[in-house]
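The next block holds one structure in the form of structure tokens; read it before the comments.
The values are calculated or read from the model by the stated rules, or taken from the named source; none is laboratory data. Keep in mind that this is a model prediction, so the values were computed, not measured. Heads up, the Cβs are rebuilt from the backbone with ideal geometry, glycines too, and the neighbour counts pull from every protein chain shown.
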Amino acid sequence: MSAVRTEGFDVVVVGSGIAGSSAAVAATRRGARVALLEKQDTFGGSTALSAGMFWTAPDLDAYRRRVPLGDESLGRAVVEDYAECLEELHATGERVSDTPKTDIMTFGIGYSTDILAILAWCRAQVEAGGGVCRTGTAALRVLLDDDGAVTGLLARTAQGGRVRYEAPAVVLAGGGFQGARDELTRAMGPNADRLLLRSNPGSVGDGLRLARQAGAGGTTAMSTFYGHLIGSPVNRFEPQDFLPNSQYYSDHAVLVNMEGRRFVDETLGDEILNQALLHQPQAGGVLVFDDHVRTTVGTDEPFPGLGAVDRYQVAVDNGALHARADTLEDLVARTAAWGIDPAVLGRTLQDYVAAASAGGGFAGGHPVSSRARAPRTGPFHALKVQPSITFTFGGVRVDDQARVLDPDGRPVPGLHAAGADIGGLSNLGYAGGLAPAYITGRRAGRSAARVAGAARATGAEPRPPAGVTAGV
Ligand SMILES: Cc1cc2nc3c(=O)[nH]c(=O)nc-3n(C[C@H](O)[C@H](O)[C@H](O)COP(=O)(O)OP(=O)(O)OC[C@H]3O[C@@H](n4cnc5c(N)ncnc54)[C@H](O)[C@@H]3O)c2cc1C
């Protein structure tokens, strides 16, 4: 039996993105001694790769309209806490914009932040409260007593050693299961293997797995996810490519599959088109747009601070198939080399232009919105695109206090989850990443601190000192 080091805390948090960081701060503020554990060798997860836009639905009605399949209790929690959480971010003294950005992902409202500085601020708070923040520490298993209540967590260090973290409350904030190919194909079908990973590499479904082992139930939304269309193919897709190669402007283009047919209303927004493309043959598609789109919405910065970048050019430079022509007829002829039947694509574009010019209607059996813009000012561009995945919308089942629920809806005592590890808030429609993660993390941290406070009050299980024991 190998030696296992044991340490005692009030609350153990798995994952150092914004969900875990906010949970750790919230628990620390309520007097808990916290261990914040990160399996990678740097802190921050996908949060640290993000654009830092702290956004969500402006109100519950807007949430209901955009995410009709969403979990309304979570939607209400996020909308209710948003203003207070924004105030908290301001109070950190780190950069948070004073000017809101509206119509994010077509409907949301948000503020640009220096998310890296905010993450660092959170860790400093945890340490100032007597807690620890550790990289290279992977949670392996939630430990339970005979009644199914949390007693701690078993973790592995970067050197391969085992540490038993004893605590009456655990928060799972591992960032989703987008890196778990087995879970993805189970939930989304075989084309999930074609999804480009637009995420930190550590979010491989540990939170969901650990929660299930501890008795958790799952949620709806398992087949839906957040991501953006990316040029195809890519000869390089590193974190520094995630933002510039995202073709955010696709709602101003025509999107066809590799048969040359439309399959979705483009004006629904890039994150919806990205999901729709996954279910097309070979998950491949082509964006068709004119030079006006390329040089305006195709180049403008989607969020303050990201800078203007010609996204089409980035995709081309990274290896994407592309074509350019002065007329749509010539453009169609050029894409024939990609295997697209020119007769089909030509008819699709003709029908689309006719419907858009008439103020909306149908083309190829799919709606053309009154907001649709027909490609009209040459030169025209065609760009091959593929779907990507940033995080999964389904996951661990929780209540509005971020307490993990079993399949019958009963809390698993002491177990919490937050951020991209929880499921149901977004479901096909997307209600934001950072703000919901911060808000659910904060609720999880508060609830976990309550559990720890109650455990201390009973005095039944005094916090054990650090030491070495045999076995687990
Ligand atoms: C390029 C990009 C841009 C984005 N821009 C925005 C934006 O502007 N606005 C917005 O709202 N959203 C944005 N998002 C989405 C947003 O970043 C995520 O929704 C959010 O960061 C999720 O936070 P989280 O704390 O749940 O997960 P993460 O930040 O991913 O953190 C999870 C962490 O848990 C760790 N972990 C996993 N398993 C274990 C384990 N067993 N033990 C220990 N640690 C573990 C992982 O290594 C990871 O570091 C963007 C994402 C990307 C990739």
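Of note:
- The residues of the range 210-250 that are part of a strand (DSSP E or B) and either more than 12 Å from the ligand (Cβ to nearest atom) or closer than 30 Å to Ala149 by Cβ (or both), listed by number, are Gly218, Gly231.
- Given (1) buried (at least 18 other Cβ atoms within 10 Å of the Cβ); (2) among the β-branched types (Val, Ile, Thr); (3) under 24 Å from Leu37 (Cβ atoms), index of the condition Ile104 fails: (3)
- Whenever a residue of the range 37-49 is under 22 Å from Glu166 (Cα atoms), its partners that are more than 6 Å from the ligand (Cβ to nearest atom) and of a type in the set (Phe, Trp, Tyr), lying with C-beta atoms within less than 8 angstrom and at least six residues away or across chains, give the pairs Leu37/Tyr165.
- Restricted to the range 19-54, and to residues there that are near the ligand (Cβ under 6 Å from one of its atoms) and among the hydroxyl-bearing types (Ser, Thr, Tyr), the residue that is surrounded by the most Cβ atoms within 10 Å (Cβ to Cβ) is Thr47.
- Of the residues making up the range 440-453, none is surrounded by 24 or more Cβ atoms within 10 Å (Cβ to Cβ), near the ligand (Cβ under 9 Å from one of its atoms), over 23 Å from Arg33 (Cβ atoms) and touching a residue at least 24 places away in the same chain (Cβ under 8 Å).
The rows are residues; the columns are (1) within 30 Å of Glu87 (Cβ to Cβ); (2) out of contact with any strand residue (DSSP E or B) (no Cβ under 9 Å at 6 or more places or on another chain).
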residue	(1), (2)
Ile115	yes, no
Arg156	no, no
Val170	yes, no
Gly176	yes, no
Gly189	no, yes
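- Hey, Ala253 assigned by TED's automatic domain parsing to the domain that holds Asp182, in contact with a strand residue (DSSP E or B) (Cβ under 6 Å, 6 or more places away or on another chain), more than 21 Å from Pro190 (Cβ to Cβ) and of a type in the set (Gly, Ala, Ser) or not: no
- Being touching a helix residue (DSSP H, G or I) at 6+ places or on another chain (Cβ under 6 Å), more than 16 Å from the ligand (Cβ to nearest atom) and at negative phi holds for only one residue in Val344, Val332, and it is Val332.
- The condition (being within 30 Å of Ala276 (Cα to Cα), assigned to a strand (DSSP E or B) and within 9 Å of the ligand (Cβ to nearest atom)) is satisfied by just one residue among Gly110, Gly207, Gly175: Gly110.
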